[in-house]
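All remarks here apply to the structure that follows.
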Amino acid sequence: MGSDIDLLVVVSDDHTLAPLPRRGRFGKLLELFRYRSFGLDAIIVTESEVQALREQNEGEWDMVLDILEKGKTLYDRLAQAQVMMKAEELGYSHD
């Protein structure tokens, strides 16, 4: 039986998870879902790691690049911030 949820998480290079090895990042993510009733697999990479993958991939990271190209974005902090700024410019409140 496979995982119920598979995630690719891209964090900024200055995120608190960034200095950790990939396995350590996954462990921290699992702490957020400690009492989950579903399977969870995740690959957590930094923005600079994604850039390096795009430039230096020799096939071993094709799956990650495919996810970046075809996957669904569940949450994008930058896009959310831009939407909120635009809403405030238009006079909408997010209360």
- Label selected from (1) 27, 19, 14; (2) 32, 13, 10; (3) 75, 38, 4, the criterion being semi-axes √(5λ) of the Cα gyration tensor in Å as computed here: (1)
- Query: Is it possible to state the helix-based mean residue ellipticity at 222 nm for the chain, with each DSSP H run of 4+ residues giving -39500 (n - 2.57), the sum divided by total residues, to the nearest 500 deg cm²/dmol? What is it?
  - Reply: -13500 deg cm²/dmol
- Message: Placing +1 on the Cβ of each Lys and Arg and -1 on the Cβ of each Asp and Glu in segment 5-89, which of Ala87, Ile43, Ile5 has its Cα farthest towards the positive end of the resulting dipole?
- Response: Ile5
- Provide the gained length on full extension for the span Tyr35 to Glu58, in nm with one decimal, where the gain is 0.36 nm per separating residue minus the Cα-Cα distance. 4.5 nm
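None of the figures in this text is laboratory data; all of them are computed from the coordinates on show. Just so it is clear, the structure is predicted and the values come from calculations on it, not from any experiment. So basically every Cβ, Gly included, is an ideal-geometry build from the backbone, and we count neighbours across all protein chains shown.
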